[in-house]
Amino acid sequence: MSYKTVFYALGTENSIILEDADISDVLKMIVERVLNIEEKMSAFKDSSEISKIASNSGICGTRVSEDVFCVLEKALDVSQASKGAFDVTVRPLTKLWNFGNEMDSIPEKADIEAAKSCVGYQNLVLEPKERTAFFTNSGCKIDLGGIAKGYAANEAKRILLEHGVKSALINFGGNIMAVGQSFENAPWKIGIQNPLSERGAPVLTIDITDKAVVTSAVNERFFIRDGIRYHHIFNPISGYPAQSGLLSVTIIDECSMLADALSTAVFVLGATEGLKLIRKYKSEVILITESGDILSSFEINHPTNIA
C-alpha cells in the first residue's frame, strides 16, 4: 500500500507518494523547507530575496541566502549556455503577459518592447565571495519560475534520503523526482502527457530510477486568440511565446533543478539547437514536434499518435 501527501506551494499543487505513512515529521520538514524556498524565491512577494535584488537594481548589490545564490548560479549558467533562450531575468515579460489571470490578452507591441529592454541575463552580476547579486541596469527583475520547483524537488529528495527513505515519488507541479525504485523494486513508470490535451492518457511512458523528469509544454498555461495558441513559455529575444516547432520538451537528469531550466531552454531553442545544448549537459531529452514526431535520446515505451 502507498500513501500520498499533498500540499500547495510555489504556485502549484505538490505531492509525495511514499510506502510508509509513519514519517509525518519528515513530511512536515519537507513542507516547511519548500515554503521557506518559496519565501526567498517568489516573484510575487515583495519580501522575497529576489524582489529585494530587483528593488536595488542599478543601485547596489543584495546579499542573499545560500539557497538563492545556488539557484541564481545555475540559472545564470543555463542562461549563458543557451544564449538567453532561458533567461533568469525574464520577469518583466512574464509580468506583462500575466498568464493565468481571467483576462488573458496580448500586450501592446510598445509595452513588449519596453519590457524586453529590461530583460538580459548579462545585467546580472553574482559575487560569490560576498554572496551578493547585483543588476547593472535599473528595472531588471528575476523570475525563478523555471527553476525553483526543481531546486525544491532536489531538497525534498535530500531530506527523504537523510531520514532513511529509499523509495518515493515527488511531484512538484509536474516536476517529477524519483527516489530509488518503486515499491515493487522496479523502475518508476512515468507518463509523458499529450501536449495537445490539457488532461488525459500519456502519449508515452518511460522507466526511471533516481532521476528527475521535467516537461515544458504548450498545454500548461495558454489562451487562444484568432486560432493562435499563446502559451507561457517565452522567447526572451522576441518577447512573445516561443515558436520553435516544438509542442513538448521533457528532460531526464539526476538534478531536477538543471532539468527544470533545460526544459525551457530547449523548448525555446527548438530541436536542432536544443539537442546541442543537451549534449553539453549530458542530460536525456524527449521532444514532441508540431508535426507529431517524437525525438528521444531516452528509451520510451509504447508511444502513441498525439493527433
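The values are calculated or read from the model by the stated rules, or taken from the named source; none is laboratory data. Keep in mind the model is a prediction, meaning the values are calculated, not measured. When we count neighbours, we look across all protein chains shown, and the Cβ atoms used for this are built from the backbone with ideal geometry, even at glycine.
Say we look at the range 257-290 and pick out the residues that are part of a loop (DSSP other than H, G, I, E, B) and free of Cβ contacts under 8 Å to residues at least 40 places away in the same chain; which of these is farthest from Ala242 (Cα to Cα)? Show your work before the answer.
Step one: of the range 257-290, the residues part of a loop (DSSP other than H, G, I, E, B) are 270, 282-283, 290.
From what is left, the residues that are free of Cβ contacts under 8 Å to residues at least 40 places away in the same chain are 270, 282-283.
Details: Gly270: 9, Lys282: 24, Ser283: 22 Å.
Applying the filter and picking the extreme gives Lys282.
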Residues of the range 1-52 being charged (D, E, K, R) and in a helix (DSSP H, G or I), which ones?
-> Asp25, Lys28, Glu32, Arg33, Glu38, Glu39, Lys40, Glu49, Lys52
Residue among Glu66, Glu102 that alone is over 18 Å from Ala242 (Cα atoms) and modelled with pLDDT of 95 or more | Glu66
Search the range 18-51 for residues being at pLDDT below 95 and aliphatic (A, V, I, L, M), and hand back the single one that is farthest from Ile176 (Cα to Cα).
-> Ala43
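Within the range 12-40, track down each residue that is hydroxyl-bearing (Ser, Thr, Tyr) and either surrounded by 14 or more Cβ atoms within 10 Å (Cβ to Cβ) or closer than 23 Å to Asn98 by Cβ (or both).
Just the residues of the range 12-40 that are hydroxyl-bearing (Ser, Thr, Tyr), to begin with: 12, 15, 24.
Matches in the range 12-40: Thr12 only.
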Those residues that are modelled with pLDDT of 90 or more and either assigned to a strand (DSSP E or B) or touching a Pro at 6+ places or on another chain (Cβ under 7 Å) (or both), I need them from the range 204-232; list them, please.
-> Leu204, Thr205, Ile206, Asp207, Ile208, Thr209, Ala212, Val213, Val214, Thr215, Ser216
Exactly one of Ala9, Ala43, Ala54 is crowded, with 17+ Cβ neighbours inside 10 Å, of a type outside the set (Asp, Glu) and closer than 27 Å to Val165 by Cα, and that residue is Ala9
Just wondering, is there one or more residues in the range 97-118 that are crowded, with 20+ Cβ neighbours inside 10 Å, out of contact with any helix residue (DSSP H, G or I) (no Cβ under 7 Å at 6 or more places or on another chain) and either under 28 Å from Ile30 (Cα atoms) or of a type in the set (A, V, I, L, M, F, W, C) (or both)?
-> yes
Restricting to the range 60-96, what's the tally of residues that are under 16 Å from the mean Cα position of the chain (by Cα) and surrounded by fewer than 17 Cβ atoms within 10 Å (Cβ to Cβ)?
-> 3
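Got at least one residue in the range 88-97 being touching a strand residue (DSSP E or B) at 6+ places or on another chain (Cβ under 7 Å), in a helix (DSSP H, G or I) and in contact (Cβ under 8 Å) with a residue 24 or more places away in the chain? Before you say what the answer is, go through the steps one by one.
Step one: of the range 88-97, the residues touching a strand residue (DSSP E or B) at 6+ places or on another chain (Cβ under 7 Å) are 88-90, 93-94.
Okay, now just the ones that are also in a helix (DSSP H, G or I), so 93-94.
Those still in the list that are in contact (Cβ under 8 Å) with a residue 24 or more places away in the chain too: 93-94.
For the range 88-97, residues touching a strand residue (DSSP E or B) at 6+ places or on another chain (Cβ under 7 Å), in a helix (DSSP H, G or I) and in contact (Cβ under 8 Å) with a residue 24 or more places away in the chain: present.
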